[in-house]
Amino acid sequence: MKRREPAVPVLIQDLLQGSREGGDGADGGPRTYVITRSGARVYRAVLSGVLMEKEDIGSPGSPLFRLRLADPTGGISFTVGRYGQAQLEVVSRLSVPTFATIVGKVSFFTSKRGEEVMTINAELIVPTTKSVRDGWHKLAARDALARLWRMTMDEPVPCSGFEGPGPEVPRGGEESVEATREMIKQCLLSIDRPFFSRAIDEHRNSALDGNERTEGASFEEYEEQVVQMIVSLDKGDGARWDDLVDHIQKKKLSRDIIEEVVSSLLDKGLLYEPILGYLKAV
Amino acid sequence: MDNEEKAAPEEAAEGALGETIEMTEESYDDIKNEAHRLARELGVSLEEAARSVHASRGTSPQAPSRMIGSLKDLSPGTVNISIRARLVTLHDAERNEGGGKYYYGMLGDSTTTVPFSAWTEFDFNVGDALLLQNVNVREWKERTEIVINDRSRTSRTDDLDGLVPSLDDGVPGTIGELVPESRRIDIECRVLEVQRGEVIVKESPKEITRGCIADRTGRMDFTCWGPVDLIRDRCYRIIGGYVKDHRGALRFNFDPGAIIRELPDDRLPPLEDLQRPLPSRIAEVNSRRSFGPVMLRGMVLDVRGGSGLIRRCSDCGRRMAKGQCPVHGRTKGEDGLSLRAIFDDGSGSAIIRAEGPIVEHLLGKRVSEVSEELKESLDPSSVTSELSSRLNGRPWTIIGDPSVDEYGISVSVKEMSEGFDIELLNSDITSLMGVLI
Ligand SMILES: [Zn+2]
């Protein structure tokens, strides 16, 4: 039975930091895969992001474009030439920056400086919208989280669809697990900072309490708390940001969410910065 | 089983056993203990000792009860036999003319199940392995039935050899775990469909029961090689049988000797939920060949040739090639729309097939409009490229029936909608967040 290698949605950094491995393909033949840092085995990737650069480096009769796709975690360059007629048509019509989804085989080339560089042989380039791009990022983040879960937790994955074979073991051990956590966090916060910083914070608090909190504090409650903290730390010139951070750490609150709350209060005009590094409540 | 018309066994049949004094449970145990003591003390056989005890008490010994090896060997009209069986189902009902209660149900072993009726106290539970002594066998409504009366002795037995496994042994598995050649199945399921049928086995008709069962993990067709009392939309635990690969789909086969116990209705999700397409991954469909409609979330990678405007046979609807129906040859034919595409969900890929209204919906025009356009443009590939730009590289959720053959998985699409289930993604991410901390 002839089988295609699946197209795996991944975040760009996950792919770039992965390791190049040989193995058997879905059809039994030899293949070069990338084992991503979150443990995905990728021959063909789905990447979504913003096409940032489009450079016409072709010559008459030999069209060639160099493009760069970026997501919240990184960027990857690739070329489209005369071997990808359909892609060439799409590329020649689009202007950057634009949201796009790309499907292609991962490949490597050696740069002039002798470094091995990862790129992608695009099989599909589809202009897309912000919400679709965010959807792919959530999907890639969700799948990476599920792989991390299977690598590091004893309990089964708490959502369905992950009963199949486990993830590959990525190179780099605990360090790469930590880096993957940071990458996913970064990606989620860039999609929807209030929603995900609150969700992360609730988990952190429940982990600190050692028990599950049924209701996390609402954003408005945090705003009130922060205003009170600032008032209590204000000795005339406003509250020092560093003191606020100390205070936050003593209270075991998440710095991410407090930063979010502070910027929201600044936006609303309920806080202002009389001097750089100081905050004052109105 | 219809209990209303059940007739009590005729007294005459039991009179033939010729007991004179009714023995209570205590006196029986008494006699047994006394006989054992005597046999030990006197160094005689237990049988001889029992005779002696009966003689001294003026009771008549029970005629020795003939042990029958398995339920399939029972023949109507035999009296005073003993047999081991598992209590498979149990019901009670009122006797005619206020004569009190009687019990009925099914007894099973590894060979078959047989109905029984008990015209005496019957304090056992479904799943109990029983030793039935001094019971009679009659024909009732053209079926062999075991009759337990007040001269029979029924007790639990530890001798389980040849009996179907007990309900208390082990934990039931799930349909999703079943693979070809799985044996000694033990599952809890809801019956989605059930119907009686007949097959010809060795030139004689055999009644069978067919249908479809489901749990949270999957759905499966079943065939029971005999009549069983399964009712649509009820929940059962079924123990016994095996799984076979039947043209790419798995089928659960069992015989009436399997243990079937009805479960409370809340044990499994309601019928409507179980009939809903199962969210699946392509890799999963490939490995376990789950049965029934699935929901797949993924991306269309490539709209293939054979998509677009096609000709269908006006007699049978089959796709025509060069004006010929593969079955009916040259027929008039009519225009139709078709989609063949590669669909990938990150775990694997499948060919999806959609016809008629689904494709019209994707294109946003009716087949007649497409025909008209093509009469002007004369470029049939324009429909394919329209489908490509509409579908390729976009996220889709499809619902359809999967099938697996040597070419891989194909899904006959019933519904197709664009986009992500963002709520699901958010809730998945939130529940996985523990791993970020
Ligand atoms: Zn035909």
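The values are calculated or read from the model by the stated rules, or taken from the named source; none is laboratory data. Keep in mind that what you see is a predicted model, and the values were worked out from it rather than measured. Glycine gets a Cβ as well: all are built from the backbone with ideal geometry, and neighbour counts include every protein chain shown. Areas reflect the complete protein model, heavy atoms only, side chains present, ligands, DNA and RNA absent. Shrake-Rupley method; radii C 1.70, N 1.55, O 1.52, S 1.80 Å.
Here r is the Cβ-Cβ distance between A:S111 and B:R304 and R0 is 22 Å; the resulting FRET efficiency, rounded to 0.05, is 0.05.
Look at the Cα gyration tensor of the range B:318-413: its axes a ≥ b ≥ c give a/c of at least 1.5 with a/b at or below b/c, and that counts as oblate. Solvent exposure of B:D315, expressed as accessible area, is near 110 Å², computed with a probe of 1.4 Å over the protein chains only. Taking all protein chains as shown and a probe of 1.4 angstrom, B:R234 keeps an accessible surface of around 100 Å².
Between B:I231 and A:E163, the modelled labels are 2.9 nm apart [label points 7 Å from Cα along Cα→Cβ].
Here each label is just a point 7 Å from Cα along the line to Cβ, and for B:D73 and B:S381 those points are 7.6 nm apart. Normalised by the number of residues in chain B, the mean separation of alpha-carbon contacts (under 8 Å, six or more apart) gives a relative contact order of 9 percent. Fully extending the segment from A:K130 to A:Q228, taken as 0.36 nm per residue of separation minus the present Cα-Cα distance, adds 31.6 nm. Every helix of 4 or more DSSP H residues in chain B counts as -39500 (n - 2.57), and over all residues that averages to -6000 deg cm²/dmol at 222 nm.
Summarising the amide proton neighbourhood of B:R153: residues at separation of 5 or more, or on other chains, whose placed amide H is nearer than 5 Å comprise B:Q133, B:N134. In the calculated pair distance distribution of the protein assembly as shown, what percentage of Cα-Cα distances lie above 47 Å? Result: 44 percent of Cα pairs exceed 47 Å.
Across chain A, the mean sequence separation of Cα contacts (distance under 8 Å, 6 or more residues apart), normalised by length, yields a relative contact order of 14 percent. Classify the range B:175-275 as rounded, prolate or oblate from the Cα gyration tensor: take a ≥ b ≥ c as the square roots of its eigenvalues, call it rounded if a/c is under 1.5, otherwise prolate when a/b beats b/c and oblate if not. It is prolate, given that a/c is not under 1.5 and a/b is the larger ratio. Only Cα sites of the range A:213-281 enter the Debye sum here, all with the same form factor; the resulting log10 I(q)/I(0) across q = 0.13, 0.19, 0.21 1/Å is -0.32, -0.69, -0.84, listed in q order. If you take all other residues with their beta carbon under 11 Å from the beta carbon of A:P156, and give Lys and Arg +1 and Asp and Glu -1, the sum is -2. Put simply, what bits of the range B:406-428 lose 20 Å² or more of accessible area when the other protein chains are there, versus the chain on its own (1.4 Å probe)? Buried-area filter returns B:E406, B:F420, B:I422, B:L425, B:N426, B:D428. Between helix A:130-152 and chain A there is an angle of about 80 degrees, using the helix long axis and the longest principal axis of the Cα atoms. Beta bridges assigned by DSSP with both partners in the range B:278-433 are antiparallel in approximately 85 percent of cases. What do you get for the angle between helix B:367-377 and the principal long axis of chain B? Use alpha-carbon atoms, 0 to 90 degrees, nearest ten. In chain B, helix B:367-377 runs at an angle near 30 degrees to the longest axis.
The candidates A:Y272, B:Y103, arranged from most to least accessible area with a 1.4 Å probe in the full protein assembly, appear as A:Y272, B:Y103. Would you mind telling me the share, in percent, of accessible area of the protein assembly as shown contributed by carbon and sulfur at probe 1.4 angstrom? It is 48 percent, rounded to a whole number.
By the Kirkwood approach, averaging reciprocal distances over each pair of separate Cα atoms, chain B gets a hydrodynamic radius of 26.9 Å. Near B:G173, the amide H atoms lying under 5 Å from its own belong to B:D186, B:I187, B:E188; only residues 5 or more places off or on other chains count, and H is placed 1.01 Å from N. Solvent-accessible area per residue in the range B:175-275 equals 50 Å², computed with a 1.4 angstrom probe and all protein chains kept. The slack between A:S95 and A:S190, meaning 0.36 nm per residue of separation minus the straight C-alpha distance, is 31.8 nm. Distance between the C-alpha centres of the range A:87-105 and the range A:6-79: 14 Å, rounded to the whole angstrom.
The listed residues B:D161, A:D134 rank as B:D161, A:D134 when sorted by accessible area, largest first, using a 1.4 Å probe. Could you go through the range B:177-189 in sequence order and give the Karplus-derived ³J(HN,Hα) for each residue, using 6.51 cos²θ - 1.76 cosθ + 1.60 with θ = phi - 60°, rounded to whole Hz, and x for Gly and Pro? The phi angles translate into 7, 6, 10, x, 6, 4, 10, 6, 5, 9, 9, 10, 8 Hz. With q set to 0.08 Å⁻¹, the log10 of I(q)/I(0) for chain A, from the Debye formula over equal scatterers at the Cα positions, is -0.46. As an exercise, use a Förster radius of 60 Å and the Cβ-Cβ distance of A:R3 and B:S155 to find the FRET efficiency, rounded to the nearest 0.05. Calculated value: 0.55.
Working from Cα pairs under 8 Å separated by at least six residues, relative contact order for the range B:320-433 is 21 percent. For B:S182 and B:C316, a Förster radius of 35 Å and the Cβ-Cβ distance give a FRET efficiency of 0.40, rounded to the nearest 0.05. A simple spin-label model places the labels of B:L271 and B:E334 3.4 nm from each other, with each point 7 Å out along Cα-to-Cβ.
In this model, which of B:K322/B:K375; A:K138/B:K414; A:K54/A:K112; A:K105/A:K138 are farther than 23 Å apart at the alpha-carbon? Cα-Cα > 23 Å for A:K138/B:K414; rest within.
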